[in-house]
Amino acid sequence: MNLQQLKEKLKEDEATLVAKVKGEIYESHLHGIGPILNPMKENQHFFEDAIVVDRVIGKATAMLLVLSKVQYVYAYVMSEKAKEIFDLYDIEYGYEETVPYIINRTHDGMCPMEKTVYEMTDLDEAFEALKNKQKELMSK
């Protein structure tokens, strides 16, 4: 399945993320960082050499995908900080729209995941911080 087919599948299935991972299709309907972070908690390199199509990619998701050794990323909305991460690590990417940062679900501030890693540069540190933040948010 090529990039265009993945983009079509995302729309047809009303998924939040579709990826070609090791020849298999991975699809998620979860919102936020869960579609990336959850499988990475089991296997940090889950997205190794994958092609990922996501609706929204911020710095948090970008850092996780780089850590996981992703091959290519496409987003309908991508934050400026996500682009900086992909550029820094020479990850190929495409997007339809860029935004200064990813907004939260109530549209009154920055996404808590983006905020968690906004000033971070270390991928492993970001992975741990994001797992902790996800745990914190899920306990509320």
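The values are calculated or read from the model by the stated rules, or taken from the named source; none is laboratory data. What you see is a predicted model, and the numbers here were worked out from it, not measured in a lab. A quick note on method: Cβ atoms are made from the backbone with ideal geometry, for glycine too, and the neighbour counts reach across all protein chains shown.
Tell me, which residue of region 102-140 that is assigned to a loop (DSSP other than H, G, I, E, B) and touching a Gly at 6+ places or on another chain (Cβ under 7 Å) is surrounded by the fewest Cβ atoms within 10 Å (Cβ to Cβ)? Even if it seems obvious, please write down each step before you answer.
Initial filter on region 102-140 (assigned to a loop (DSSP other than H, G, I, E, B)): 102, 104-109, 111, 118-122, 139-140.
Those left that are additionally touching a Gly at 6+ places or on another chain (Cβ under 7 Å): 102, 111.
Numbers: ILE102: 24, CYS111: 21.
In this case the residue turns out to be CYS111.
Go through region 15-32 residue by residue and tally those that are over 18 Å from TYR95 (Cα atoms), in contact (Cβ under 8 Å) with a residue 12 or more places away in the chain and part of a loop (DSSP other than H, G, I, E, B).
Within region 15-32, residues that are over 18 Å from TYR95 (Cα atoms), in contact (Cβ under 8 Å) with a residue 12 or more places away in the chain and part of a loop (DSSP other than H, G, I, E, B) number 4.
Take SER79 and decide whether it is touching a His at 6+ places or on another chain (Cβ under 8 Å), under 22 Å from LEU3 (Cβ atoms) and free of Cβ contacts under 8 Å to residues at least 60 places away in the same chain.
Values: touching a His at 6+ places or on another chain (Cβ under 8 Å): no; under 22 Å from LEU3 (Cβ atoms): yes; free of Cβ contacts under 8 Å to residues at least 60 places away in the same chain: yes.
No.
Mind telling me which of the residues LYS59, LYS140, LYS115, LYS133 ends up being of a type in the set (D, E, K, R) and touching a strand residue (DSSP E or B) at 6+ places or on another chain (Cβ under 7 Å)?
On the way: LYS140 fails: touching a strand residue (DSSP E or B) at 6+ places or on another chain (Cβ under 7 Å); LYS115 fails: touching a strand residue (DSSP E or B) at 6+ places or on another chain (Cβ under 7 Å); LYS133 fails: touching a strand residue (DSSP E or B) at 6+ places or on another chain (Cβ under 7 Å).
Among LYS59, LYS140, LYS115, LYS133, only LYS59 is of a type in the set (D, E, K, R) and touching a strand residue (DSSP E or B) at 6+ places or on another chain (Cβ under 7 Å).
Select from region 37-90 the residues that are surrounded by 17 or more Cβ atoms within 10 Å (Cβ to Cβ), in a loop (DSSP other than H, G, I, E, B) and not polar (S, T, N, Q) and list them in ascending order. Quick ask: steps written out before the conclusion?
Taking region 37-90 first, the residues surrounded by 17 or more Cβ atoms within 10 Å (Cβ to Cβ) are 37, 39-40, 46-47, 50-54, 56-68, 70, 72-75, 77-79, 81-83, 85-86.
Pick out the ones that are also in a loop (DSSP other than H, G, I, E, B) and you get 46-47, 50, 58, 68, 70.
Of everything in region 37-90, those that are surrounded by 17 or more Cβ atoms within 10 Å (Cβ to Cβ), in a loop (DSSP other than H, G, I, E, B) and not polar (S, T, N, Q) turn out to be PHE46, PHE47, ALA50, GLY58, VAL70.
Which residue pairs have Cβ atoms closer than 8 Å, lie 6 or more positions apart in sequence or on different chains, and pair a first residue in region 119-133 that is in contact (Cβ under 8 Å) with a residue 40 or more places away in the chain with a second residue that is not in a helix (DSSP H, G or I)?
Pairs that qualify, where the first residue is in contact (Cβ under 8 Å) with a residue 40 or more places away in the chain and the partner is not in a helix (DSSP H, G or I), are ALA126/MET120; PHE127/GLN44; LEU130/ILE33.
Please pick out the residue among SER28, SER68 that is hydroxyl-bearing (Ser, Thr, Tyr) and over 23 Å from GLU125 (Cβ atoms).
Values: SER68 fails: over 23 Å from GLU125 (Cβ atoms).
SER28 is the lone residue from the list that is hydroxyl-bearing (Ser, Thr, Tyr) and over 23 Å from GLU125 (Cβ atoms).
Out of ILE57, ILE51, I need the residue that is under 19 Å from TYR76 (Cβ atoms) and within 11 Å of the chain's Cα centre (by Cα). Which one? Full working, then the answer.
On the way: ILE51 fails: within 11 Å of the chain's Cα centre (by Cα).
None of the other options fit; the residue is ILE57.
Conditions (1) at pLDDT 95 or above; (2) farther than 20 Å from LEU6 by Cβ; (3) in contact with a Lys or Arg (Cβ under 9 Å, 6 or more places away or on another chain), marked per residue:
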| position | (1), (2), (3) |
| --- | --- |
| PRO39 | yes, no, no |
| VAL56 | yes, no, no |
| LYS59 | yes, yes, yes |
| LEU67 | yes, yes, no |
| ALA75 | yes, no, yes |
| VAL99 | yes, yes, no |
| ASP124 | yes, yes, no |
| GLU128 | yes, yes, no |
| MET138 | no, yes, no |
